[in-house]
Amino acid sequence: MISTAVDSTSQSYALGRVLGSSLVFAVALVVLWRATRSWRAPSTPPGGDHSDTVRRAAKRRRLVVGATVLIAVVAVVQAVRGYDPEPRAAEALPRSSAERTSTPSTGGPQAAVPGSFADFRLMTGAAAEQTKTAWLAGGTLPEGTSAGFYDQNADDTADLILMIRTTEANPGLKAEKARMSIRQEFRNFIAGARAHDATTFDAGEYGGGLICGLVTQPARDRAVCAWSDADTFAVTTLLNPATLPDAATTTLAARSAAMN
């Protein structure tokens, strides 16, 4: 998975924003205190009342201290509001249908390439091997990745490709999910696929997230989707024309079958 340089959803990024805004307030306090230094310490003119000068100095000091406290309170409120990191992907535990309205599970079933879903059937034998060889173009599947090639109209031609990575098969994925949010995973996916018109959809009964986008091809755009939860990151590539909502519906059907 291609990673962007900065994870804007991380705890460190959120903390950095808080520190940055706090620094602005700190500078404002220093400037205020230094700018009012002479004003806070008035001198008594010749023949003047020194006690009156003391009273004026005390009053001015209270005004400056009050302004300082106000700025500090605003800084604290801003810092609390600004610290809002997203949950890590590892926290998006899959849920079964029975658990949708109850507490999240403490673990979930691991996704696996299903034999069929909707009107798609997993290709096997020589047709599947030829399709896989052509798709990989001499390369190999990434470590811990399972792939399925699906025929929709029984003509031994792939109409959909499903690629699944699980934390059980790929410890590296588990480490990624421990440090990245699902939104960051999706940002990396869309960037790596060079997709446009990226749209998020309801992830269905298993929770997590679902996103789809379009990849520009010479003949026509091709829809790609990804779903993610604490245990899985999977991608569907639809080789036939499909709108993003239809691609999302197909991907949800693939996910449901993969989790059963």
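The values are calculated or read from the model by the stated rules, or taken from the named source; none is laboratory data. These numbers come from a predicted model, not from an experiment. Note that we place each Cβ from the backbone using ideal geometry, even for glycine, and neighbour counts take in every protein chain shown.
Computed values, structure above
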item: Of all residues in the range 116-159 being touching a Phe, Trp or Tyr at 6+ places or on another chain (Cβ under 7 Å) and part of a loop (DSSP other than H, G, I, E, B), the one that is surrounded by the fewest Cβ atoms within 10 Å (Cβ to Cβ); result: Gln152
item: Flag for Leu162 being under 21 Å from Cys225 (Cα atoms) and surrounded by fewer than 18 Cβ atoms within 10 Å (Cβ to Cβ); result: no
item: Residues within the range 186-229 that are over 20 Å from Pro87 (Cβ atoms) and either assigned to a loop (DSSP other than H, G, I, E, B) or hydroxyl-bearing (Ser, Thr, Tyr) (or both), tallied; result: 8
item: Test result for Ala178, within 23 Å of the chain's Cα centre (by Cα), outside any loop (DSSP other than H, G, I, E, B) and either on the phi < 0 side of the Ramachandran plot or surrounded by 15 or more Cβ atoms within 10 Å (Cβ to Cβ) (or both); result: yes
item: Subset of the range 230-246 (residues that are touching a Leu at 6+ places or on another chain (Cβ under 7 Å) and assigned to a loop (DSSP other than H, G, I, E, B)); result: Ala230, Leu239
item: Within the range 70-80, considering residues that are surrounded by fewer than 18 Cβ atoms within 10 Å (Cβ to Cβ) and modelled with pLDDT of 65 or more, the one farthest from Ala178 (Cα to Cα); result: Leu70
item: Residue within the range 118-134 that is aromatic (Phe, Trp, Tyr) and either without any contact (Cβ under 8 Å) to a residue 40 or more places away in the chain or in contact with a helix residue (DSSP H, G or I) (Cβ under 6 Å, 6 or more places away or on another chain) (or both) present; result: no
item: Residues of the range 165-175 classified as assigned to a helix (DSSP H, G or I) and surrounded by 20 or more Cβ atoms within 10 Å (Cβ to Cβ), total; result: 1
item: Residue satisfying condition, being free of Cβ contacts under 8 Å to residues at least 40 places away in the same chain, assigned by TED's automatic domain parsing to the domain that holds Ala111, crowded, with 19+ Cβ neighbours inside 10 Å and closer than 14 Å to Phe186 by Cα, within set Leu210, Leu214; result: Leu214
item: Scope the range 145-168; condition within 28 Å of the chain's Cα centre (by Cα) and either of a type in the set (D, E, K, R) or farther than 25 Å from Ala248 by Cβ (or both); matching residues; result: Arg165, Glu168
item: Among the candidates Ser43, Ser8, residue that is under 30 Å from Ile182 (Cβ atoms) and either at pLDDT below 75 or not in a helix (DSSP H, G or I) (or both); result: Ser8
